[in-house]
1. Would the range 50-64 turn up any residue that is outside any helix (DSSP H, G or I), exposed (fewer than 10 other Cβ atoms within 10 Å of the Cβ) and at pLDDT below 90?
2. Filter the range 66-99 for residues that are among the hydroxyl-bearing types (Ser, Thr, Tyr) and part of a helix (DSSP H, G or I); which is least open to solvent (accessible area, probe 1.4 Å)?
3. For the range 174-192, does any single residue satisfy the condition of being over 17 Å from Pro297 (Cβ atoms), open to solvent by 40 Å² or more (accessible area, probe 1.4 Å) and among the polar types (S, T, N, Q)?
4. Quick one: which strands (runs of 3 or more DSSP E) lie wholly within the range 228-293 and hold at least 3 residues that are under 16 Å from Pro175 (Cα atoms) and open to solvent by 20 Å² or more (accessible area, probe 1.4 Å)?
5. In this structure, is Asp162 surrounded by fewer than 16 Cβ atoms within 10 Å (Cβ to Cβ) and touching a residue at least 60 places away in the same chain (Cβ under 8 Å)?
6. Quick check on the range 301-316. Is at least one of its residues open to solvent by 30 Å² or more (accessible area, probe 1.4 Å), touching a strand residue (DSSP E or B) at 6+ places or on another chain (Cβ under 9 Å) and at pLDDT below 90?
7. Looking only at the range 141-150, how many residues end up being farther than 10 Å from Asn306 by Cβ and either open to solvent by less than 80 Å² (accessible area, probe 1.4 Å) or in contact (Cβ under 8 Å) with a residue 40 or more places away in the chain (or both)?
8. So for the range 134-152 (the condition being within 25 Å of Gly259 (Cα to Cα) and modelled with pLDDT under 85), does at least one residue qualify?
Amino acid sequence: MSSTTAPRARSTAGTGASGRKGSGDGRRSRVVAAGFLLPALLLLGALVVYPIGYSVQRSLFDRSGSSFVGLDNYLSLVTDDSLRTAVKNNLIWLVVAPAVATALGLVFAVLTERVRWGTAFKLLVFMPMAISMLAAGIIFRLVYEQDPDRGVANAVWVGVHDTFAESSVFPKARPLPVHPLKAAGGSAYVTKEPVRAGRPVRLPLVGVAPAQMPEGARPAAEPAGTDPGTVTGTAWLDFTRGGGGRPNEVDPAERGLAGLRIEAVRDGKVVATATAAADGTFALPADRADGAVLRLPASNFREQYNGVEWLGPRSSRPRSSGRTCGCGPGSRWCSSGPGSRPCRASCSKRRGWTGRTSGRCSAGSRCRSWRRSSRSSSSP
């Protein structure tokens, strides 16, 4: 009896030891696996889970994050025109983009395998992949740089434009308040007093960098003004580098505005024209210019053409279609940005309500933020 039970006892003891060893190995394997997964889980939580949770929490507050608004932001998705447009565009993108990519992929697959000129088509499709992205970016920048002095495309475009349209000579020139010129509208300037034959006319301007003066410009000369048969004068840059110049006086270091166009205007009509010489002097016949005012037309100060704006502020900056509307009892008005349409909010149809809206409303929508007037008890 004893000889039979002894092996069984030893067998049972061995099985228990191996089971404890197996459970210990399994626990160790789980710890090792958790150690390998922990960095990835931490990274996933920090970059994915936490931003999602914070975004959901933040969506329940107003723009400043200080006032709890509940589901108002989500209601704006179906009530605000701009948000509805954004949602619609996203849905279109989700539907159209995969469909177009799949269709083009199938077409390319067919063209590269089942047509005779498949090799040539493969060359055209895969040639961009053989060019370095860095080299492609540099070439793109050299061609499409917006500055015409750097970008090839705009340099060619500006050259063609300037061939048929004359560019301005002094795009930023302007008179000072002490000068005998005043604004005439449309970027033009006129003399404050009519001109007379035999009296020299001074047309000083500022706002032109010395490096941007015409190549043929020479030191300005004093107007003669002694010939009774002509109206003479000088147009010059009234600026002395380093200081020391006197306003309305031709100083030795100041140069004439060569090429400046001068018009004599009487009763709204141009009766004579002249162009300033290299030293800034000009002359007009007295029989037509005497008693007229001199005008520097806007063509002298038109901004130079710099080509097409590929991704400049005008094309990349979104234009807001909303405005901030303020309404009082029986009134309808709004303050809106430049280029926007007037707000046709139905504020004037609500009696007994005053105050200013705190949100944004688009054209044709209603003002949504109100406060009841304490002086009126009528219902809206």
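The values are calculated or read from the model by the stated rules, or taken from the named source; none is laboratory data. Because the structure is predicted, anything quoted here is derived from the model rather than measured. For neighbour counting, all protein chains shown are included, and Cβ atoms are generated from backbone atoms with ideal geometry for every residue, glycine included. Note: areas computed on protein heavy atoms with side chains; ligands, DNA, RNA excluded. Shrake-Rupley method; radii C 1.70, N 1.55, O 1.52, S 1.80 Å.
1. If we filter the range 50-64 for residues that are outside any helix (DSSP H, G or I), which is where we start, we get 59-64.
From what's left, exposed (fewer than 10 other Cβ atoms within 10 Å of the Cβ): 64.
Subset that is at pLDDT below 90: 64.
Within the range 50-64, one or more residues are outside any helix (DSSP H, G or I), exposed (fewer than 10 other Cβ atoms within 10 Å of the Cβ) and at pLDDT below 90.
2. First, pick out the residues of the range 66-99 that are among the hydroxyl-bearing types (Ser, Thr, Tyr): 66-67, 74, 76, 79, 82, 85.
Adding the requirement that they be part of a helix (DSSP H, G or I) leaves 74, 76, 79, 82, 85.
Numbers: Tyr74: 101, Ser76: 37, Thr79: 83, Ser82: 65, Thr85: 64 Å².
By that ranking, first place goes to Ser76.
3. For the range 174-192, residues over 17 Å from Pro297 (Cβ atoms), open to solvent by 40 Å² or more (accessible area, probe 1.4 Å) and among the polar types (S, T, N, Q): absent.
4. Working: elements: 230-237, 261-266, 269-275, 281-285.
Passing ranges: none, list empty.
5. Here the answer is yes, as Asp162 does meet what is asked.
6. Step one: of the range 301-316, the residues open to solvent by 30 Å² or more (accessible area, probe 1.4 Å) are 302-306, 308-311, 313-316.
Now restrict to residues that are touching a strand residue (DSSP E or B) at 6+ places or on another chain (Cβ under 9 Å): none.
No, there is no match, as no residue in the range 301-316 is open to solvent by 30 Å² or more (accessible area, probe 1.4 Å), touching a strand residue (DSSP E or B) at 6+ places or on another chain (Cβ under 9 Å) and at pLDDT below 90.
7. Residues of the range 141-150 that are farther than 10 Å from Asn306 by Cβ, as a first pass: 141-145, 150.
Now narrow it down to the ones that are either open to solvent by less than 80 Å² (accessible area, probe 1.4 Å) or in contact (Cβ under 8 Å) with a residue 40 or more places away in the chain (or both): 143-145.
So the count comes out to 3.
8. Narrowing the range 134-152 to residues within 25 Å of Gly259 (Cα to Cα): 148-149.
Keeping just the survivors that are modelled with pLDDT under 85 gives 148-149.
Yes, the range 134-152 contains at least one residue that is within 25 Å of Gly259 (Cα to Cα) and modelled with pLDDT under 85.
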